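Everything below concerns the one structure shown next.
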Amino acid sequence: MELGKLEVYKLSLKLSDKIWQIYMDLSNDLKYNIGSQVIRSIDSIGANIAEGYGRFHYKDSVKFYYNARGSLWESKHWIHLLYKRSLIEKNEYDHIIKSLEILGKRLNGFIKSIKNKNDTNNK
């Protein structure tokens, strides 16, 4: 399967696009501070999925998928701060958090399937 067809990767790209729209609406000062942090964390989800996908060895791949999960949690933190500081509306916050939770569940399922596939191949 191609990377671009992986559901977890496609979801991460959609979230990156959504956060980019928010970032572009921030003032230059906020872009430099909180904006760059949230962009780095949200983009890191897809980047780690891509890097893990490109690794040859199973353990390398899974390590990057775990990193993607960590970046997802970091992104939740930054989104929470955007909301607490009144930089995004409640409905936007709720939508993004829900999307991150869906991605998190799918990413966990993806990691589990990779592990199960490896376990099956090693029997």
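Taking the criterion of being acidic (D, E) and either loosely packed, with under 15 Cβ neighbours inside 10 Å or under 14 Å from L87 (Cβ atoms) (or both), the residues of segment 1-46 that qualify are E2, E7, D17, D25, D29. With the checklist (1) in a helix (DSSP H, G or I); (2) over 22 Å from I114 (Cβ atoms) in hand, flag the one item V8 doesn't pass. Every listed condition holds for V8 apart from (2). Contact map, segment 1-22: residues that are under 13 Å from S75 (Cβ atoms) paired with residues that are of a type in the set (D, E, K, R) and surrounded by 15 or more Cβ atoms within 10 Å (Cβ to Cβ), Cβ distance under 8 Å, separation 6+ or inter-chain. Pairs shown: L11/R106; S16/D43; I22/E92. Could you check segment 22-42 and list, in sequence order, the residues that are over 16 Å from I97 (Cβ atoms), part of a helix (DSSP H, G or I) and polar (S, T, N, Q)? Listed by number, the residues that qualify are N28, N33, S36, Q37. Screening N116 against (1) polar (S, T, N, Q); (2) at pLDDT 95 or above; (3) surrounded by fewer than 18 Cβ atoms within 10 Å (Cβ to Cβ) leaves a single unmet condition, (2).
Is it true that I49 is surrounded by 14 or more Cβ atoms within 10 Å (Cβ to Cβ), closer than 21 Å to E2 by Cβ and modelled with pLDDT of 95 or more?
In short, yes.
Would you confirm, using the coordinates I've provided, whether I45 is among the β-branched types (V, I, T), more than 15 Å from the chain's Cα centre (by Cα) and assigned to a helix (DSSP H, G or I)? No, not satisfied.
The values are calculated or read from the model by the stated rules, or taken from the named source; none is laboratory data. In this text the structure is predicted, and so the values were computed from the model without any measurement. So basically every Cβ, Gly included, is an ideal-geometry build from the backbone, and we count neighbours across all protein chains shown.
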